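**Q** Mind looking over this structure? Questions follow.
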Amino acid sequence: MSAPSDKVNLLGMPKAKLEAFFETLGEKKFRAQQILQWMHQRGVDDFDQMTNMSKVLRDKLKEVAEVRGPEVVYDETSRDGTRKWVMRMDNGNSVETVLIPDGERGTLCVSSQIGCSLDCTFCSTGKRGFNRNLTAAEIIGQVWVARRAFMPFDPTDRPITNVVMMGMGEPLLNFENVVDAMNLMMEDLAYGISKRRVTLSTSGVVPALDRLGEVTDVSLAISLHAPNDELRNKLVPLNKKYPISELLAATRRYLARLPDKRKATIEYTVIQGVNDQPEHARELAVILKGLPCKINLIPFNPFPESDFSRPSMNATRRFQTVLNEAGYVTTIRTTRGDDIDAACGQLVGRVEDRTRRSQRYIAVQQVNP
Ligand code: SAH
Ligand code: SF4
């Protein structure tokens, strides 16, 4: 976000926090509802346009508060319709956000941190280390920017039907800000997205997963990637702290608390010669027994600093067949937005490197004018 200031940014505040804010100004709580609609449903960031508030209140707001979204530094649409934004946050750090349209559905892939501290060996974000947590305003700001791209607001038009917290970062290590932002995604006065269609993806921070179940009921994706601890320790170092059995037990507890019947998504990045053999699939089928889940196979997406390779489609299909035959609904994620480097879960920290970024984007624009 450009021009940081000491004013309070209202963009990231869920309803309860906004109500408390207006009370401190000596205003009625219902102002929170009005401003939520202005900011999130109409994409307005200028208090003077909020015409159902008095001039006096608008002037008061201008003194102490602001509505400030991320600054868009790149906005490109791929040949297949996938749209990617690079957004600059305070301190000049950037994150990437991707919208993947698919028929009636539009899935927005949102980042929760700049970088990530967990250092999974196959992940380009992890390779770049951790910089900082995003604020709630910076997280919901990604949805705000994407929604504003489809203004003027038409309530019948729903370009964003689903949100997945699968961009950069581990959302459970930025707990409160992620929960506030997800509450705004689901808030009827903001984006009104169904709790079934807001998905948090985690590599398995077990205690935070239990806390999550106490405060929300969004859908869950678990980044498993391996059927045993020996292999998972190598791919997801966090596994040494919270091994598979504990992670799956916490997943069961989370699902059991939900008021409706829902399945977790098990994410499995398939890496050639590492975790792609039929015996891995058979072992996976055994450990997932009894867990309400569907499995999503993600063919590894290569990046320059990695020694791993993408598996052949045959190997991935063979893996899928073993799981299907064991009774699991298993899909293979197709890569979208290849030409703009927009694979979800693969939002490359490449943006940090300004020179390479601009070269890359010039190349992209040549391919995709
Ligand atoms: N930190 C969270 C969410 C972000 S990663 C998590 O790990 O779940 C989102 C998904 O993309 C994860 O399942 C992650 O394992 C996967 N992913 C990361 N790098 C990848 C790569 N190079 N190829 C394929 N999938 C990758
Ligand atoms: Fe972090 Fe997720 Fe990447 Fe692992 S896969 S390093 S948890 S962003």
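The values are calculated or read from the model by the stated rules, or taken from the named source; none is laboratory data. None of the values given here were measured: they were computed from a predicted structure. Heads up, the Cβs are rebuilt from the backbone with ideal geometry, glycines too, and the neighbour counts pull from every protein chain shown.
**Q** Output the residues belonging to the stretch 96-114 that are in contact with a helix residue (DSSP H, G or I) (Cβ under 7 Å, 6 or more places away or on another chain) and more than 11 Å from ligand 1 (Cβ to nearest atom).
**A** GLU96, THR97, LEU99, LEU108
**Q** If you take the residues of the stretch 298-321 that are within 15 Å of ligand 2 (Cβ to nearest atom) and of a type in the set (A, V, I, L, M, F, W, C), which of them is surrounded by the most Cβ atoms within 10 Å (Cβ to Cβ)?
**A** ILE298
**Q** If you don't mind, another one. Just give me the residues in the stretch 253-289 being among the polar types (S, T, N, Q) and within 23 Å of the chain's Cα centre (by Cα), in sequence order.
**A** Within the stretch 253-289, the first condition is being among the polar types (S, T, N, Q), and the residues that meet it are 265, 269, 272, 275, 277.
The answer is THR265, THR269.
**Q** Right, here's the next one. Being outside any loop (DSSP other than H, G, I, E, B) and either surrounded by fewer than 11 Cβ atoms within 10 Å (Cβ to Cβ) or touching a helix residue (DSSP H, G or I) at 6+ places or on another chain (Cβ under 7 Å) (or both) is the filter here, so list the residues in the stretch 3-16 that pass it. Steps first, please.
**A** First pass over the stretch 3-16, keeping only residues outside any loop (DSSP other than H, G, I, E, B): 8-12, 15-16.
Of everything in the stretch 3-16, those that are outside any loop (DSSP other than H, G, I, E, B) and either surrounded by fewer than 11 Cβ atoms within 10 Å (Cβ to Cβ) or touching a helix residue (DSSP H, G or I) at 6+ places or on another chain (Cβ under 7 Å) (or both) turn out to be VAL8, ASN9, LEU10, LEU11, GLY12, LYS15.
One line per residue, one yes/no per condition, for (1) modelled with pLDDT of 90 or more; (2) acidic (Asp, Glu):
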position: ASP46; (1), (2): yes, yes
position: GLU71; (1), (2): yes, yes
position: ASP90; (1), (2): no, yes
position: SER94; (1), (2): no, no
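**Q** Could I ask something else about it? Exactly one of these conditions fails for LEU173: (1) surrounded by fewer than 20 Cβ atoms within 10 Å (Cβ to Cβ); (2) within 14 Å of ligand 1 (Cβ to nearest atom); (3) more than 21 Å from the chain's Cα centre (by Cα). Give me its number.
**A** Of (1) surrounded by fewer than 20 Cβ atoms within 10 Å (Cβ to Cβ); (2) within 14 Å of ligand 1 (Cβ to nearest atom); (3) more than 21 Å from the chain's Cα centre (by Cα), only one is false for LEU173: (3).
**Q** Limited to the stretch 189-209, what total is found for residues that are of a type outside the set (A, V, I, L, M), over 22 Å from GLU138 (Cα atoms) and in a helix (DSSP H, G or I)?
**A** 2
**Q** State the number of residues belonging to the stretch 67-105 that are buried (at least 20 other Cβ atoms within 10 Å of the Cβ), of a type in the set (Ser, Thr, Tyr) and either in the same structural domain as ILE35 (by the TED database) or under 19 Å from the mean Cα position of the chain (by Cα) (or both).
**A** Of the residues in the stretch 67-105, 3 are buried (at least 20 other Cβ atoms within 10 Å of the Cβ), of a type in the set (Ser, Thr, Tyr) and either in the same structural domain as ILE35 (by the TED database) or under 19 Å from the mean Cα position of the chain (by Cα) (or both).
**Q** So is ARG148 surrounded by fewer than 20 Cβ atoms within 10 Å (Cβ to Cβ) and touching a residue at least 60 places away in the same chain (Cβ under 8 Å) or not?
**A** Details: surrounded by fewer than 20 Cβ atoms within 10 Å (Cβ to Cβ): yes; touching a residue at least 60 places away in the same chain (Cβ under 8 Å): yes.
Spelling it out, ARG148 is indeed surrounded by fewer than 20 Cβ atoms within 10 Å (Cβ to Cβ) and touching a residue at least 60 places away in the same chain (Cβ under 8 Å).
**Q** Let me ask something additional. Just to be sure before I move on: is GLU267 among the charged types (D, E, K, R) and either crowded, with 20+ Cβ neighbours inside 10 Å or not assigned by the TED database to the domain that holds ARG318 (or both) in the structure I sent?
**A** Working: among the charged types (D, E, K, R): yes; either crowded, with 20+ Cβ neighbours inside 10 Å or not assigned by the TED database to the domain that holds ARG318 (or both): yes.
Yes; evaluated as a whole, the condition is true for this residue.
**Q** Just for the stretch 151-168: of the residues that are within 16 Å of ligand 2 (Cβ to nearest atom) and touching a residue at least 60 places away in the same chain (Cβ under 8 Å), which one is nearest to THR216 (Cα to Cα)? I'd like the intermediate steps shown before the answer.
**A** At the first step, the residues of the stretch 151-168 found to be within 16 Å of ligand 2 (Cβ to nearest atom) are 164-168.
Restricting the remaining residues to those that are touching a residue at least 60 places away in the same chain (Cβ under 8 Å) gives 164, 166-168.
Numbers: VAL164: 15, MET166: 18, GLY167: 20, MET168: 21 Å.
Here the answer is VAL164.
**Q** Something else now. From the list SER223, SER245, pick out the single residue that is surrounded by fewer than 21 Cβ atoms within 10 Å (Cβ to Cβ) and of a type in the set (S, T, N, Q).
**A** Values: SER223 fails: surrounded by fewer than 21 Cβ atoms within 10 Å (Cβ to Cβ).
The unique qualifying residue is SER245.
**Q** A further question follows. Just to be sure I understand the filter: pairs with C-beta atoms under 9 Å, separated by 6 or more residues or on different chains, first member in the stretch 187-212 and touching a residue at least 60 places away in the same chain (Cβ under 8 Å), second member among the basic types (Lys, Arg). Which pairs pass?
**A** Correct list of pairs: GLU187/LYS15; LEU189/LYS15; ALA190/LYS15; TYR191/ARG147; ARG196/ARG262.
The rows are residues; the columns are (1) within 14 Å of ligand 1 (Cβ to nearest atom); (2) modelled with pLDDT under 95.
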position: MET151; (1), (2): no, yes
position: MET165; (1), (2): yes, no
position: MET168; (1), (2): yes, yes
position: LEU189; (1), (2): no, no
position: ILE193; (1), (2): no, no
position: LEU220; (1), (2): yes, no
position: ARG232; (1), (2): yes, no
position: VAL236; (1), (2): yes, no
position: PRO243; (1), (2): no, no
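**Q** With among the small types (Gly, Ala, Ser), within 12 Å of ligand 1 (Cβ to nearest atom) and at pLDDT 95 or above as the only criterion, which of SER124, SER117 stands out?
**A** On the way: SER124 fails: at pLDDT 95 or above.
Selected residue: SER117, the only one of SER124, SER117 that is among the small types (Gly, Ala, Ser), within 12 Å of ligand 1 (Cβ to nearest atom) and at pLDDT 95 or above.
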